[in-house]
Structure formats: C-alpha cells, structure tokens
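Reviewing the structure listed below.
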Amino acid sequence: MPDLVITATEGAISLRGPLREDVIPDTIEIQETLAVAADASTGTILAVSPCTVSSDVISAELYPGTNDPAELRFALISADTPLEALRLDWLGVGLTLVDRYCRYAWSLYRESGALLASAALTDDEAELAWRQAQSHTTRTRTIAAARVAVGQPRMLGERTDGTDEALVRYSDAIGEFSRIPLEAPETGGPSGPTLTELLATGMS
C-alpha cells in the first residue's frame, strides 16, 4: 500500500500515491487495482472505483457521498477481492495493524537467525563480534514488536464486549506467536535461514 495523498473536491475524493520501486506498473494486478472508500465507523462500502497508473503513480477518484476524509477509510484492493470480505471499520483496521506488527516481528526474527548463522561463517573476530551483537539487537527488537502485537488486541477489546470472534482468535494466536522469539532462532537445517536471508545480511 503506497502512502496516499487524499484530496477532497466538491462531491469527490481523489487518491494519489507513488508505487514502490519494486512494483511493475504494467502488470495485470496493478492495472486492475480498485480503490475503495468505506464509512470509518461501520465499515460500510460507500464507493468503489478503478485506479489508473501513470508515471509510477497510482490514482483514483471516488464519489462516496461525502467529501470529508475524516469520515472515511480507504483501501486499494485487487479486482478479485470480494468486497464482503473487507473489514474497514475501526476493528478491521486495528486487526490489520496487528498483522503488520506480527509480520515485522517475524521478519526481524528471521534476520536475527541469519545474522547469527552468518557469524559462524567468518574467521574475522571483529566481524564475528559485530554479527553476534547485531543478532542480539535484532532479536530484542523482535521481542518488542511481538509485545506490541500482543497489546493491540487488548486495546481493541476495551472497545468491544469481549465476544468478537475474530478478536478472540487473534488474541489467542498472537499470544502463541509472541512466545516464538523468546527461543533462540534456528541457524541451520530446514528451519534455518535461507540463502537469500544470509545474503541479505551482507554475507559474501
């Protein structure tokens, strides 16, 4: 999702944002991207519009019946995404934030393992010490990110009666996930770092 610039005009909302450098604008997935506007409180879909791509910028114009962006939430989705599956209310957006923290924590955990594994492949004592220290720091950040992920459903739960099924499932799953980085990452075997992950640490 690019960082969108949202502009309100009379009766319309314009979205505009740059594509990431690794995105190929001419692919079907990008060319068929849809923009969606939903009521910020209820998540009700108010408008859907196809996006256009020009000069590595993706944009769309929506007509949701209000030109106040504060009353709306926006999303860019693929054309085959079922609209009924979207949760753009405050709870759905909150759970998306939880997902992002979990993905961030997992990426850091894998990086920590790759750094530790690559440390064993060098004979340079300074390089060895640096990689071990970086692995420790990265794992500390992993644990911190996992704890934030655990705390998010609790905060969301304060706005519900505690019976939302999706929120209960997320809370249980994230509680299990948060225990993973408490164990040292695998440095070998099927669960160890891939060659790509090792190369990403700067190993040559």
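The values are calculated or read from the model by the stated rules, or taken from the named source; none is laboratory data. The model shown is predicted, which means the values in this text are computed figures rather than measured ones. Ideal geometry is used to build each Cβ from the backbone, glycine not excepted, and the neighbour counts take in all protein chains shown. To get the accessible areas, we keep the full protein, side chains included, count just its heavy atoms, and leave off ligands, DNA and RNA. Shrake-Rupley method; radii C 1.70, N 1.55, O 1.52, S 1.80 Å.
Worth a mention:
- Under the convention that each Lys and Arg Cβ holds +1 and each Asp and Glu Cβ holds -1, the size of the dipole of region 56-186 around its Cα centre is about 360 debye.
- Top of Ile143, Ile24, Ile58 by mean-square fluctuation, Gaussian network on the chain, Cα under 10 Å: Ile24
- Ligands, DNA and RNA are left out, and with a 1.4 angstrom probe the accessible area of the chain is 60 Å² per residue.
- Gain in span if fully extended, Ala79 to His136, counting 0.36 nm per residue against the direct Cα distance: 16.3 nm
- Taking the charge dipole of region 56-204 about its Cα centre, with +1 at Lys and Arg Cβ atoms and -1 at Asp and Glu Cβ atoms, the residue from Leu198, Pro185, Leu167 reaching farthest to the positive side is Pro185.
- Alpha-carbon Debye profile of the chain, log10 I(q)/I(0) at 0.12, 0.19 Å⁻¹: -0.82, -1.18
- From the C-alpha gyration tensor of region 1-114, square roots of 5λ in Å: 26, 20, 13
- For the chain, DSSP calls about 100 percent of its internal beta bridges antiparallel.
- Full-stretch length increase - Ala173, Ser41 - with 0.36 nm per residue and alpha-carbon distance subtracted: 44.9 nm
- Simple label model, 7 Å out from Cα along Cβ direction - Glu10 to Leu121, nm: 6.3
- With 0.36 nm allotted per residue and the present C-alpha distance subtracted, the Ser54-Ile28 stretch has 7.9 nm of extension available.
- The string of couplings for region 52-62 from the Karplus curve (6.51, -1.76, 1.60, θ = phi - 60°) is 10, 10, 8, 6, 6, 10, 9, 8, 7, 10, 10 Hz, one whole number per residue in order, with x for Gly and Pro.
- Carbon/sulfur fraction of accessible area - the chain, other protein chains in place, 1.4 Å, %: 52
- Considering only Arg179, Arg141, Arg110, the mean-square fluctuation computed in a Gaussian network model of the chain, springs between alpha carbons under 10 angstrom, is largest for Arg179.
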